[in-house]
Amino acid sequence: MKVYPKIPRYDHPVVPAELFDVEDLTLVEKFDGSAFRFTLYDERYAEWYPDQVASAADGDGGLVFGTRKAIRGNHRDSLDEIDGALHRAVRCLREGVDIATLRTLHDEYEGPLIVYAENLVYSTLDYGYTDRDLPALVGFDVLPYVAVETMTSPGNPYEETFEGFLDTETAWEIFERIRVDTAPTASSFVPATILEHLDDGFDPETYTFPASSLAEEMQVEGVVVRSDASARRAKLVREEFRELNREQFGQQPEDAESGAEYVVATYCTPARIRKQVRTMVVEEGREFGLHLNDDLYPRVVEDIWAEDWPELMELDVSFTPADVYPLVAKRCITELRKMQTNAELNDTDPTEIWQHLS
C-alpha cells in the first residue's frame, strides 16, 4: 500500500504561495489520532498488489490494514495478534466498512483502492474518549492503485504531491458508500469534516480555528487545505496544539533549553517508558494505574543511565543528573494516562498498547 505523502506546513518552502489563491480550495478538519490505511484484497486484481499486501490478506476478501509505514494484518486476524492500539480500528473494518461495496468500486476504478484514515486514539487531544462514543476511523483520502507510481516516498518526502489521488468530492462520495451507517458509533467509519469550500483565496496568517466536530468545547487540532487542481495539500496547526503536543510527547532535542531537557528529549522515549511499565505489570505482577509512577520514573532514569551512559558522557551539553528526575516523572505520568485511556477505548490490556508499533 502506498505510504501517504507528507503534508507540509503552509509556510514550508515546498508550498507555492499561489496555492492559496486558487479557486478550488477546501478546508478539512485535521484530527489528532494515529495514521491508518486499508485496502481490500480482490483476487481479480491480484497483479496490482505488492507481495506484502497479498501475504497479509491471507486470501480473497481480506481488508489489509497498516499504520503510517508498515502493513499490520487483515481484518480477519485474531485481535490477540494485533497491537492493542489498533483493536478499535480493526473492529471498525469488521463492522463499519462495506466490503461488497468496496469490491464494486474496484470495477468502477479499474483496480483496487487505498483508503487513508485517522485512527481515533488518544494522542495529544482528548476529545472525550471516555465520556462519549466517538467514531473509530475518519476517512480523508483515496488513491486508486492504477495511479500509484511508487509505494514509497521520494528522498525528500515533502517534494511529493498528491497527483493521482481522487478529488475531494469523489473521495467523500466513496466514504459515504463504503460506510455502514448502522454500525455502532464506537465501531464506525466516517468521512472527515469539511469546514469550508473557498473560491476566492485563503489567508493562513489570519485564519481563526473553529471548534472540532468531535468536541465542540475544544478547537480543532488544525486544518488541511486541499486543492484538487494543484494536487496539493498544506496544513495549519494551531500553536496551542503544538505546545500541548510538546507536553505530551516531550520536546525535540533541538528545542531543549537546558542540558536536562536535552537528555530527556533524546533518551526518555515512549517506548522506553512502556518497556518499564510492561516489566512492572507483566513480569512483576503489579496492578496497572497512575500510582505506578512513584516507582516508574526512577526506573526509567536508571534505564537511561545503564544503557546510554557512555553516550551521555560524550555529550556536548552539560546537565545536572538530579534535574532529569522531575522531567522524566512528568513524561511518565503522561504516558501512563495515554496507555490507560487507549486501553479503555480499545477494550484491551494497557500493556498491549503500542507494544508492537515501536
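Please treat every number below as a calculation from the coordinates, not as lab data. Here the structure is a predicted model, which is why all the values come from computation and not from measurement. Neighbour counts are summed over all protein chains in view; Cβ atoms, including those assigned to glycine, are modelled from backbone coordinates with ideal geometry.
Just so you know, the Rg over Rh for the range 250-352 is 1.00, from Cα atoms, with Rh as the Kirkwood radius. Here the gap between residue 229 and residue 185, fully extended at 0.36 nm per residue and compared with their Cα-Cα distance, gives a gain of 12.4 nm. On the basis of the beta-carbon distance and an R0 of 41 Å, residue 167 and residue 347 show a calculated FRET efficiency of 0.65.
Restricting attention to the chain, close to 90% of DSSP beta bridges with both partner residues there are antiparallel. Label positions at residue 318 and residue 14, each projected 7 Å from the Cα along the C-beta direction, are separated by 4.1 nm.
Applying the Karplus relation 6.51 cos²θ - 1.76 cosθ + 1.60 with θ = phi - 60° to the range 335-343 yields 3J(HN,Hα) values of 5, 4, 5, 5, 4, 5, 5, 6, 5 Hz, where x marks Gly and Pro. Candidate cross-link partners of residue 235 among the lysines, defined by an alpha-carbon separation under 27 Å and a same-chain spacing of 8 or more, comprise 2, 6, 30, 69, 338. A simple spin-label model places the labels of residue 282 and residue 21 5.7 nm from each other, with each point 7 Å out along Cα-to-Cβ.
Each listed q (0.29, 0.30 Å⁻¹) maps to a log10 I(q)/I(0) for the range 115-169 from the Debye sum over equal C-alpha point scatterers, namely -1.19, -1.23.
Taking the number of Cβ atoms within 10 Å of each Cβ as an exposure proxy, the fewest-first ranking of 194, 71, 114, 7 is 194, 71, 7, 114. Neighbour counts of C-beta atoms inside 10 Å place 280, 313, 218, 339 in the sequence 313, 218, 280, 339, starting with the fewest. Relative to the dominant Cα principal axis of the chain, helix 293-313 is inclined by about 90°.
Using θ = phi - 60° in the Karplus curve 6.51 cos²θ - 1.76 cosθ + 1.60, the 3J(HN,Hα) couplings for the range 281-286 round to 8, 7, 7, 9, x, 7 Hz; x is entered for Gly and Pro.
The magnitude of the dipole of the range 94-152, with charges of +1 and -1 set on the Cβ of Lys/Arg and Asp/Glu and taken from the Cα centre, is near 120 debye. Put in line by how crowded their Cβ is, counting other Cβ atoms within 10 Å and starting with the fewest, 316, 167 read 316, 167.
For the range 5-38, GluC sites (Glu not before Pro) meeting the loop criterion (DSSP other than H, G, I, E, B) and having at most 10 other Cβ atoms within 10 Å: 23. Placing a pseudo-label 7 Å from each Cα along the Cα-to-Cβ vector at residue 306 and residue 104 gives an inter-label distance of 5.8 nm.
For the pair residue 80 and residue 149 in one chain, pulling the backbone fully straight at 0.36 nm per residue adds 21.4 nm over the alpha carbon distance. Please say if the range 84-189 is rounded, prolate or oblate, where rounded means a/c under 1.5 for a ≥ b ≥ c the square roots of the C-alpha gyration tensor eigenvalues, and otherwise the choice is prolate for a/b larger than b/c and oblate otherwise? Oblate is the answer for the range 84-189, as a/c is 1.5 or above yet b/c matches or exceeds a/b. Counted residue by residue at 0.36 nm each, then reduced by the alpha carbon distance between them, the extension gain from residue 177 to residue 239 reaches 18.8 nm. About its Cα centre, the chain has a charge dipole of approximately 800 debye under the convention of +1 per Lys or Arg Cβ and -1 per Asp or Glu Cβ, with nothing else charged.
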